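The block underneath contains the structure these notes are about, expressed in structure tokens.
The values are calculated or read from the model by the stated rules, or taken from the named source; none is laboratory data. All figures in this text were calculated on a predicted structure; none of them were measured in a lab. Glycine also receives a Cβ, built like all others from the backbone with ideal geometry; neighbour counts cover every protein chain displayed. Ligands, DNA and RNA are stripped out before the accessible areas are found, and what is left, the full protein with its side chains, is counted by its heavy atoms. Shrake-Rupley method; radii C 1.70, N 1.55, O 1.52, S 1.80 Å.
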Amino acid sequence: MQTALIYIVMLRILSGSVDIIAAYIMFKLNDLEKAFIVNSSLALIGPIIFIITTGIGLTGLSDKISLAKMICLLGGVTLIFISLRMK
């Protein structure tokens with residue numbers, strides 16, 4: 001198995017575990033305001049994991065895809081984040 005793939009899988013397992021732990025914490029707190037704070041904290045983790053896993057994937061594929069395709073992929077990721085910020 002490729003090293004980049006192992007890192008991506010491990011990061012996704014970590015991300016999912018953090019989500020499950022956060023859900024458990026929200027359940028135990030039994031308070032909407034505190035649950036909202038925990039949920040807001042998760043909003044930071046998701047995009048960070050997305051950027052890191054995309055970077056690892058592109059690095060792992062750098063010898064298999066052209067520079068133009070890499071630029072298009074990075075442009076697509078950038079457009080995703082721009083669209084999320086638009087009102």
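What to note about this one:
- Any hit, the stretch 69-78, residues being surrounded by 12 or more Cβ atoms within 10 Å (Cβ to Cβ), under 14 Å from the mean Cα position of the chain (by Cα) and farther than 30 Å from Phe27 by Cβ: yes
- Residue match in the stretch 12-31 (condition: touching a residue at least 12 places away in the same chain (Cβ under 8 Å) and open to solvent by 100 Å² or more (accessible area, probe 1.4 Å)): yes
- Residue that is surrounded by the fewest Cβ atoms within 10 Å (Cβ to Cβ), among those in the stretch 59-68 that are of a type outside the set (Asp, Glu) and under 21 Å from Ile6 (Cα atoms): Lys64
- Flag for Leu42 being touching a residue at least 12 places away in the same chain (Cβ under 8 Å), surrounded by 12 or more Cβ atoms within 10 Å (Cβ to Cβ) and over 11 Å from the mean Cα position of the chain (by Cα): no
- From Ile56, Ile49, residue being under 10 Å from the mean Cα position of the chain (by Cα) and open to solvent by less than 50 Å² (accessible area, probe 1.4 Å): Ile49
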